[in-house]
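Working notes, structure below.
The values are calculated or read from the model by the stated rules, or taken from the named source; none is laboratory data. Model, not experiment: these values are computed from the prediction. When we count neighbours, we look across all protein chains shown, and the Cβ atoms used for this are built from the backbone with ideal geometry, even at glycine. Surface accessibility is based on the protein's heavy atoms, side chains included, excluding ligands, DNA and RNA. Shrake-Rupley method; radii C 1.70, N 1.55, O 1.52, S 1.80 Å.
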Amino acid sequence: MLIPHPLLGPRDAQEFTYLGDAALLNRPDPASGTAAFCDYVYLRDNPAGTHRELWYHEYGDRSWLLVTRDTLSHEILDVRLAREVKTGGTA
Amino acid sequence: MRFSGFKVVKEALTGHRGWKPLWRDPAPQTHYDIIIVGGGGHGLATAYHLAATFGQARIAVLEKGWLGGGNIGRNTTIIRSNYLLPGNEPFYEFSMKLWESMEQALNFNAMVSQRGILNLCHTDAQRDAFRRRGNAMLLAGADAELLDRDGVRAMAPFLNFDNARFPIKGGLLQRRAGTARHDGVAWGYARAADQRGVDILQNCEVTGFRIENGTVKGVETSRGYIGAGKVGVAVAGSSGRVMQMAGMRLPIESHVLQAFVSEGLKPVIPGVITFGAGHFYVSQSDKGGLVFGGDIDGYNSYAQRGNLPVVEDVAEGGMALMPMIGRARLLRMWGGVMDMSMDGSPILDRTDVDGLFFNGGWCYGGFKATPASGYCFAHLLATGRPHETAAAYRLDRFARGHVIDEKGVGAQPNLH
Ligand SMILES: Cc1cc2nc3c(=O)[nH]c(=O)nc-3n(C[C@H](O)[C@H](O)[C@H](O)COP(=O)(O)OP(=O)(O)OC[C@H]3O[C@@H](n4cnc5c(N)ncnc54)[C@H](O)[C@@H]3O)c2cc1C
């Protein structure tokens, strides 16, 4: 897979490490209780199709990317810098 | 039709005209007492044990494709019970014991071969960890032996013992572990379940659940609505997709795992050997092909095919462990979709919907679990209580903080 990095252009996916669902950007409010944190840490939508996910450019510029990818075809539909994405609400 | 040596000889002498299909192809009935969704190893073993062990009747297995098309026919066929944690090891040893008797019970040759598994260690710390794991195995009634370097050399002289970075220091050997013919396992359970009256419905995809007042009433399928008293879901890599139709989110991500087979070679690998420094494991099939694999690709996927970086990684692991593998030519490679759970251990439990039960989260290790998973899921469906060896596999263990994390890496499926 080639990931089109917004600053560096197409980069080999091997340069990245994968974290998972971009919903991890939406950490619940500390006051929201253990049930909310349990959902946040452990439960996933795990869709077959479009998936928004976090990749870290470890062997590159060390930026976090928010990649939108089709889990059925591996096609990458959109890439942006995670730091430019507003958190809160639905990621 | 019973299989026997006599039957084989008779058929050989009479032109093989007496063989029959192994199971019927019935039309769906309008209602079953128990419906199993997913005709992989786990679903078929569950149906078999429901009928044969727990005396249940009016059972159907609904499979969206054909039997053996899922992970049951895609895995690298390793069976073993060499786990560490108390939530896991008794279950996998129960499974190992069932493997030892299942061919007789099913009257089917699944080519179960207890040729042993050898996990190699490369550092003193790793040897200490193996000693601890071996002791945990012995406590659960399994077998385990710690081999020193010479012991490993006697078994597998061709390994690269003096790799400068990862010298081989010894290994943990489980002699009762081994391999089994993966799709043969599906066929064996399917035939035995069918003989006991289970309807196996292929090309029957479940597309929804009918749930009324918190109780499951039946399933919508590509072959029409079918009513059910209880529904057990065992769909492996499709767990997220199917349980979503019942409104559930799971502690599971789907990932792709690849496997590789070389051309047929003369016997060279004595059992299953795993590299302890990278992730590479290898065995040799009875046809002579080297069967090997490594890590999952590491990103969410439903594609049933992987990418080249893992191919390279597996090839590097193979070359580091046994350089002679570089002379073998690769014949086939493929991928399967794994139901990777958040702690690397499976889930066998009831759900918040009455009558709806879930079996999944087997990660890359559910083949060895097939007999016990079937037995324990049938136990749960028939009695409403978890089997004693599967009591730790509850869905709420994550909320309770009782995760079963063999690797200790936390809620990150691509690291398990
Ligand atoms: C490459 C690879 C190597 C592996 N190696 C090993 C190994 O060496 N040892 C080991 O122990 N394990 C191994 N595994 C893991 C093991 O194969 C799986 O954990 C196990 O097979 C999963 O259970 P199953 O057999 O029931 O799954 P499957 O055979 O995948 O069965 C699930 C079935 O559900 C069906 N289904 C899905 N959705 C629906 C629906 N909506 N309606 C009806 N049916 C549906 C699918 O078509 C499928 O047939 C490996 C897996 C892979 C991919």
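Quick notes on this one:
- Residue within region B:59-68 that is part of a helix (DSSP H, G or I) and either without any contact (Cβ under 8 Å) to a residue 60 or more places away in the chain or open to solvent by 10 Å² or more (accessible area, probe 1.4 Å) (or both) present: no
- Inter-residue pairs, beta-carbon under 9 Å, first within 10 Å of B:Pro26 (Cβ to Cβ) and not assigned by TED's automatic domain parsing to the domain that holds B:Leu62 and in region B:192-206, second modelled with pLDDT of 95 or more and open to solvent by 10 Å² or more (accessible area, probe 1.4 Å), 6+ apart: none
- Residue in region A:61-75 that is surrounded by fewer than 14 Cβ atoms within 10 Å (Cβ to Cβ), touching a Pro at 6+ places or on another chain (Cβ under 6 Å) and away from every other protein chain (no Cβ under 11 Å) present: no
- For region B:262-273, filtered to residues that are crowded, with 21+ Cβ neighbours inside 10 Å and in a strand (DSSP E or B), the residue that is nearest to the ligand (Cβ to nearest atom) is B:Val272.
- Residue satisfying condition, being of a type outside the set (Val, Ile, Thr) and more than 16 Å from the ligand (Cβ to nearest atom), within set B:Met333, B:Met322: B:Met322
- Of everything in region B:389-400 that is out of contact with any Pro (no Cβ under 8 Å at 6 or more places or on another chain) and open to solvent by 60 Å² or more (accessible area, probe 1.4 Å), the residue that is nearest to the other protein chains (Cβ to nearest Cβ) is B:Ala399.
- Identity of the residue in region B:353-376, more than 9 Å from the ligand (Cβ to nearest atom) and in contact with a Lys or Arg (Cβ under 7 Å, 6 or more places away or on another chain), that ends up nearest to the other protein chains (Cβ to nearest Cβ): B:Phe357
- Among residues of region B:317-332 that are farther than 15 Å from B:Ile273 by Cβ, none has a beta-carbon under 9 Å from a residue that is assigned to a loop (DSSP other than H, G, I, E, B) and open to solvent by less than 60 Å² (accessible area, probe 1.4 Å) at least six positions away or on a different chain.
- Leading residue by the ranking (most open to solvent (accessible area, probe 1.4 Å)) among those in region A:11-38 that are among the aliphatic types (A, V, I, L, M) and more than 8 Å from chain B (Cβ to nearest Cβ): A:Ala31
- Residue within region B:313-331 that is within 12 Å of chain A (Cβ to nearest Cβ), open to solvent by 20 Å² or more (accessible area, probe 1.4 Å) and not in a strand (DSSP E or B) present: yes
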